[in-house]
There are 2 protein chains.
Amino acid sequence: MVNQEAKTPRERYRAQVRTEIKDRAWEQIATAGASALSLNAIAKQLGMSGPALYRYYAGRDELITELVRDAYRSLADAFRAASARPGADVSTLASTLRTWALEDPQRYFLIYGTPVPGYHAPDDITAIASEIMAPILDAFAGLPSSDTAAAFDAHLEEHRDWADGHPAPAAALRRALTFWTRLHGALSLELAGHFTGMGFDPARFYAAELDELTAPRGGDAM
Amino acid sequence: MVNQEAKTPRERYRAQVRTEIKDRAWEQIATAGASALSLNAIAKQLGMSGPALYRYYAGRDELITELVRDAYRSLADAFRAASARPGADVSTLASTLRTWALEDPQRYFLIYGTPVPGYHAPDDITAIASEIMAPILDAFAGLPSSDTAAAFDAHLEEHRDWADGHPAPAAALRRALTFWTRLHGALSLELAGHFTGMGFDPARFYAAELDELTAPRGGDAM
DNA sequence: TCGCGTTCGTTAGAAGTTATAACTCCACCG
DNA sequence: CGGTGGAGTTATAACTTCTAACGAACGCGA
């Protein structure tokens, strides 16, 4: 989307049709979920019939993989932009995540939802996934932390490869990890509709979870 | 499964075939996920061809709904059994949840995974869902709690319908809620494979999260 | 014990889906 | 201005869910 360096008119056209296909795919996914995505329906919407689409994507899997890649990149970009804002902190990231998720729940589930047992994401996608972790680590590395050594911190100190050379202490790593998992827990259950009918406000619960995530504790200060 | 009161031989046979169908469906779901569930394949495995299956289930949706119901009931039963064990506490429930989830990840995702946008679960299923909450509420109601009033607790006091008349204070309700969402966050990300390649032990992280869930805090004692 | 009706399983078929193969045709590049 | 490669087409195969119509078997009641 950024590098629109299309020299030949053919490449320009091809790129345009590809994004058009993805746009329709996102519409379908937003309304009916990823499992209901139909290449045929997309082709019809574009005015061309069926197999023409295979000139642009090798198949359903390749299209979905591309959408997953875009979703990851979108979230990574949102995080990067949010953390670049002056005065940005953990709370900024949290609200960015929630806003991004509510913007298109199915896009969120495309990343953090039910995985297909056989499928393994390509390397460049997992690279973007780790790119998402960086702003979170940054945010927690700058936060004052008076941790007592939780048992998990020591374990984490020996397995900090995923931090990708980030100089944060193990306690910050753990905080970044819990930031991720707890907010995912609250968010995915909300988006999946498991809170409907319970009455309380999901946004307040999310805020309460975030609050506990940032507030230092007394004894085992998290 | 419990009430095997099948009077007529026809009903006996019918019930047996229905469970046979569900067994094959579970096998397929465990290996290929719910989206790849094929009624035709199940019929072939049972030695009968295609449309015969519609005598037993009105369609794919009804079969999946039945599987979802069974999954909920299975988890509810596991929770009930675990909380009935002498010395059972919050940690017991947590390990029960994790064991149950690891036993069949796709069954877990059938409940807490990506929702189909249009679909709305029948009432009896949501009833079982609230039945799952009861043991958690019990466990936290019995735990000593020195909470300062978090803003969310007050909000929760006004929206405690979902607790279904449980006499636990709002603080316990919040703890039960966070128990659910945090463990779901850690568990679903693990099962979805988002921890693979990060190096650390998901079980230890799960234990650390549980630890913080049960340990009372200093200031705002959670 | 015998018949009749319910239910089961079958085949046929419609309307979808993904995906491949073969063919036409136009646009662009040299 | 011609040749080539890419775009889009139809036809086809192999799937899927699901409906309709038919036959056969099973069991209940007389």
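Just for region B:102-115: of the residues that are assigned to a loop (DSSP other than H, G, I, E, B) and touching a residue at least 60 places away in the same chain (Cβ under 8 Å), which one is farthest from the other protein chains (Cβ to nearest Cβ)? Outline the logic, then answer.
Kept after step one, since they are assigned to a loop (DSSP other than H, G, I, E, B), are these residues of region B:102-115: B:104, B:113-115.
Keeping just the survivors that are touching a residue at least 60 places away in the same chain (Cβ under 8 Å) gives B:104, B:113.
Values: B:ASP104: 11, B:GLY113: 3 Å.
Checked region B:102-115; the qualifying residue farthest from the other protein chains (Cβ to nearest Cβ) is B:ASP104.
Give A:THR31, A:THR19, A:THR96, A:THR65 a once-over and let me know the one that is more than 12 Å from DNA strand C (Cβ to nearest atom) and crowded, with 17+ Cβ neighbours inside 10 Å. Reasoning before the result, please.
Values: A:THR31 fails: crowded, with 17+ Cβ neighbours inside 10 Å; A:THR19 fails: crowded, with 17+ Cβ neighbours inside 10 Å; A:THR65 fails: more than 12 Å from DNA strand C (Cβ to nearest atom).
One residue alone meets the criteria, A:THR96.
Within region A:57-71, track down each residue that is farther than 18 Å from A:SER130 by Cβ and part of a helix (DSSP H, G or I). First the steps, then the outcome.
Filtering region A:57-71 down to residues farther than 18 Å from A:SER130 by Cβ leaves A:57-64, A:66-67.
Once the filter is applied, which keeps residues that are farther than 18 Å from A:SER130 by Cβ and part of a helix (DSSP H, G or I), region A:57-71 yields A:ARG60, A:ASP61, A:GLU62, A:LEU63, A:ILE64, A:GLU66, A:LEU67.
So, B:ALA88, is that one in contact (Cβ under 8 Å) with a residue 12 or more places away in the chain and more than 16 Å from DNA strand C (Cβ to nearest atom) or not?
Working: in contact (Cβ under 8 Å) with a residue 12 or more places away in the chain: yes; more than 16 Å from DNA strand C (Cβ to nearest atom): yes.
Yes; evaluated as a whole, the condition is true for this residue.
Of the conditions (1) within 14 Å of chain B (Cβ to nearest Cβ); (2) loosely packed, with under 14 Cβ neighbours inside 10 Å; (3) among the small types (Gly, Ala, Ser), A:ALA84 satisfies every one except a single condition; which number is it?
Condition (1) is where A:ALA84 drops out.
In the list A:GLY165, A:GLY199, which residue meets the criterion of being assigned to a loop (DSSP other than H, G, I, E, B) and facing another protein chain (nearest Cβ under 7 Å)? If you could, list the steps in order and put the result at the bottom.
On the way: A:GLY165 fails: facing another protein chain (nearest Cβ under 7 Å).
Just one listed residue meets the conditions, A:GLY199.
For B:GLY118, work out the one condition from (1) assigned to a helix (DSSP H, G or I); (2) farther than 28 Å from B:GLU190 by Cβ; (3) not charged (D, E, K, R) it doesn't fulfil.
Checking B:GLY118 against (1) assigned to a helix (DSSP H, G or I); (2) farther than 28 Å from B:GLU190 by Cβ; (3) not charged (D, E, K, R), the one that fails is (1).
For residues that are in contact (Cβ under 8 Å) with a residue 12 or more places away in the chain and farther than 18 Å from A:TYR206 by Cβ, tally how many sit in region B:158-170.
First, pick out the residues of region B:158-170 that are in contact (Cβ under 8 Å) with a residue 12 or more places away in the chain: B:160, B:162-164, B:166-170.
Next, only the ones that are farther than 18 Å from A:TYR206 by Cβ stay: B:160, B:163-164, B:166-169.
Residues in region B:158-170 being in contact (Cβ under 8 Å) with a residue 12 or more places away in the chain and farther than 18 Å from A:TYR206 by Cβ: 7 in total.
Is it the case that region B:38-60 has a residue that's more than 16 Å from DNA strand C (Cβ to nearest atom), crowded, with 19+ Cβ neighbours inside 10 Å and of a type outside the set (Phe, Trp, Tyr)?
Applying the first criterion (more than 16 Å from DNA strand C (Cβ to nearest atom)) to region B:38-60 yields none.
Checking region B:38-60: not a single residue is more than 16 Å from DNA strand C (Cβ to nearest atom), crowded, with 19+ Cβ neighbours inside 10 Å and of a type outside the set (Phe, Trp, Tyr).
Here is a list: A:ALA15, A:ALA32. Which entry is among the hydrophobic types (A, V, I, L, M, F, W, C) and either more than 14 Å from DNA strand D (Cβ to nearest atom) or within 14 Å of chain B (Cβ to nearest Cβ) (or both)?
Details: A:ALA15 fails: either more than 14 Å from DNA strand D (Cβ to nearest atom) or within 14 Å of chain B (Cβ to nearest Cβ) (or both).
Only one candidate qualifies: A:ALA32.
B:LEU143 - would you say it is surrounded by fewer than 19 Cβ atoms within 10 Å (Cβ to Cβ) and at pLDDT 95 or above? I'd like the intermediate steps shown before the answer.
Working: surrounded by fewer than 19 Cβ atoms within 10 Å (Cβ to Cβ): yes; at pLDDT 95 or above: no.
Here the answer is no, as B:LEU143 does not meet what is asked.
Return the residue satisfying two criteria in turn: it lies in region A:184-193 and is at the interface with another protein chain (Cβ under 7 Å from one of its Cβ atoms) and of a type outside the set (Gly, Ala, Ser), and of such residues it is nearest to A:THR92 (Cα to Cα).
The qualifying residue nearest to A:THR92 (Cα to Cα) is A:HIS184.
Which residue, of B:ILE42, B:ILE21, is assigned to a helix (DSSP H, G or I), away from chain A (no Cβ under 14 Å) and within 11 Å of DNA strand D (Cβ to nearest atom)? Before the answer, list the steps.
Working: B:ILE21 fails: within 11 Å of DNA strand D (Cβ to nearest atom).
Matching residue, one of B:ILE42, B:ILE21: B:ILE42.
For region B:45-70, name all the residues that are within 13 Å of chain A (Cβ to nearest Cβ) and either more than 13 Å from DNA strand D (Cβ to nearest atom) or polar (S, T, N, Q) (or both). Give the derivation first.
Residues of region B:45-70 within 13 Å of chain A (Cβ to nearest Cβ): B:60-61, B:64, B:68.
Listed by number, the list holds a single entry, B:VAL68.
The values are calculated or read from the model by the stated rules, or taken from the named source; none is laboratory data. Just so it is clear, the structure is predicted and the values come from calculations on it, not from any experiment. Quick reminder, even Gly has a Cβ in these numbers, built from the backbone with ideal geometry, and neighbours come from all protein chains shown.
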